[in-house]
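The values are calculated or read from the model by the stated rules, or taken from the named source; none is laboratory data. Just so it is clear, the structure is predicted and the values come from calculations on it, not from any experiment. No Cβ is skipped: glycine too gets one built from the backbone with ideal geometry, and neighbour counts run over all protein chains shown. Side chains are part of the model used for accessible areas, which takes the heavy atoms of the whole protein and leaves out ligands, DNA and RNA. Shrake-Rupley method; radii C 1.70, N 1.55, O 1.52, S 1.80 Å.
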Amino acid sequence: MSRAVLLIGSPKPGKSASRTFAEALGQRMDAREFETRVERIGPIIRDEEALAALLGDIVTADVVVLSFPVYWDSLPAPVLRFLEAWAAGLADGSLPASAPRLAVLTQCGFPEASHCQVAIDVCRLFAAENGVGWAGALAFGMGGSIAGGSVERSPLGPRMKAFDAAADALSAGGSIPESSTEAFARPLVPAWGYPLLGGWLWGQQAKKNGCTEPLTCKPYVR
Amino acid sequence: MKALILDATPAGDERTMRAADALVAELTAREVSVERMLVRDLDVRACTGCFGCWTRTPGECVIDDDARRVSQAIMDSDVCAVVTPLSFGCYGALAKQLLDRQICLVLPYFVMVEGEVHHKPRYGSYPTWLALGTLERPSASEADLFTRLVERNAVNMHNPAHAAQVIAGDESAAAAVARLLDTAGVRTEVLA
């Protein structure tokens, strides 16, 4: 049976867009007769034995999917650390040269998926430099809109055909189609409206957290 | 002029250490005062993605470790330089863990910058942003991607100037550093 390992790169232990996205893809691959394993990178990267075991497992998988939020225009440090460990294992021969394909699911807090492009290209370069097949990427903006819910009932709901096409392609040994990538990249709201919407949402979040300080504090002013 | 060097040299990485040494030397020669922080000796935990730095303790990370000290040092500087081995065209994970903790330096609110949404600046001014990456062997792909990444960072962090340079193999660190500083306009101040 074909195997897929889906790795969640969000540091949040509970609900996250990365988890929702990864689990939704995992369910679709299950239905297409893949054996899937979903893991959070965060706890594993802190445990040498667990990391070695995971790396030993992924090199026998057919597909590895990294699902992560964009941090500082690229990958969160734990996800980068994971790729570094994978590359180091291949370089020192402790991991066999293998051919799992690598696919990426990523999202950012801005409305434009273009903010995710550098992160995708880092993963693509990792794949190219380490003999790992590249299976494409899905990226979208407003990642917070799917955290903890279901992708189907989220603002991404109308794009499920594109998501299913991505799952079909990955399950059949191919790559995420360009058409799926383009469908996911379309902003969920017009960019010009986002400053207003986003500002309001942050204010609501601060109120929920009981924050009484103005959000514009400058603790490090010179 | 004051420079902060975030030296993300991993233990045993001679090439990156030489790059950082060269940067200190050239900045000093240009009469810039230098503070160098060795990132591997700092206590910096990974970002937890809680957005507390925007909605609980605005402007400051909720985690009380050395990342806060670095945030202050960044904002106290005129020039901030990160020195790091490259990982697939990106900062190495050691540097990245520290940088992930610095979104407190901008506001959660949004602004359009050349037709794209970005976060508003929290402060009136930011340092020039320099990034010096090292590689075992030359790679145009890594260098190009790193340059693009640093450019994106500078837009998001509202840096008035930025530059990225990669030192590969046995390439002269001094020459690369001089190019980095020249590109960013970091020169000896001429006192009137």
With +1 at each Lys and Arg Cβ and -1 at each Asp and Glu Cβ, the charge dipole magnitude of the protein assembly as shown around its Cα centre, to the nearest 20 debye, comes out at 1340
In degrees rounded to 10, the 0-90 angle between helix B:14-29 Cα long axis and the longest Cα principal axis of chain B is 90
Counting only protein heavy atoms with a 1.4 Å probe and every protein chain in place, the carbon and sulfur fraction of the accessible surface of region A:28-151 in whole percent equals 51
Mean Cβ-within-10 Å packing, highest first, puts peptides B:116-127, A:15-26 in the order A:15-26, B:116-127
Magnitude of the Cβ-charge dipole (Lys and Arg +1, Asp and Glu -1) of chain B about the Cα centre, nearest 20 debye, reported as 440
Ignoring ligands and nucleic acids, chains B and A bury, in total, an accessible area (1.4 Å probe) to the nearest 100 Å² of about 4600
About its Cα centre, region A:98-222 carries a charge dipole, from +1 on Lys and Arg Cβ atoms and -1 on Asp and Glu Cβ atoms, whose size in debye to the nearest 20 is 480
Among beta bridges assigned by DSSP with both residues in region A:25-110, the antiparallel ones amount in percent, to the nearest 5, to 10
Among B:VAL186, A:THR212, A:LEU51, the residue whose Cα sits farthest towards the positive end of the charge dipole of the protein assembly as shown, when +1 is placed on the Cβ of each Lys and Arg and -1 on the Cβ of each Asp and Glu, is A:THR212
Here the whole-number average of other chain Cβ atoms within 10 Å per Cβ of B:149-158 is 3
If the chain between A:LYS15 and A:ASP30 were fully extended at 0.36 nm per residue, the gain over the current Cα-Cα distance would be 3.3 nm
For region A:31-119, listing trypsin sites (Lys or Arg not before Pro) in a DSSP loop whose Cβ sees at most 16 other Cβ atoms within 10 Å gives A:ARG32, A:ARG46
Among B:VAL111, B:TRP129, B:VAL155, the residue whose Cα sits farthest towards the positive end of the charge dipole of region B:36-192, when +1 is placed on the Cβ of each Lys and Arg and -1 on the Cβ of each Asp and Glu, is B:VAL111
Dipole check, the protein assembly as shown, charges on Cβ (K,R +1; D,E -1), about Cα centroid: among B:GLY169, A:PHE110, A:SER2 the Cα furthest to the positive pole belongs to A:PHE110
Across B:115-127, the residue-averaged tally of Cβ atoms belonging to other chains within 10 Å stands at 4
Taking every residue of A:193-200, the Cβ atoms of other protein chains inside 10 Å of its Cβ average out to 3
Counting only DSSP beta bridges with both partners in region B:1-153, the antiparallel fraction in percent, to the nearest 5, comes to 30
Restricted to region B:105-192, the DSSP antiparallel beta bridge percent, nearest 5, is 40
Relative to chain A, whose Cα atoms define the longest principal axis, helix A:17-31 and its Cα axis are tilted in degrees, nearest 10, by 40
Between B:ARG30 and B:ARG137, Cβ-based FRET efficiency (R0 30 Å, step 0.05) works out to 0.50
Output for region B:1-97: GluC sites (Glu not before Pro) sitting in coil per DSSP, at most 14 other Cβ within 10 Å, listed by number, reads B:GLU31
The protein assembly as shown accessible area per residue, 1.4 Å probe, protein heavy atoms, integer Å², reads 41
Between the Cα axis of helix A:77-91 and the main Cα principal axis of chain A, the angle (0 to 90°, nearest 10) is 20
Counting only protein heavy atoms with a 1.4 Å probe and every protein chain in place, the carbon and sulfur fraction of the accessible surface of region B:46-192 in whole percent equals 52
Looking at region A:1-22, residues buried by 10 Å² or more relative to their chain on its own, accessible surface at probe 1.4 Å, turn out to be A:PRO11, A:LYS12
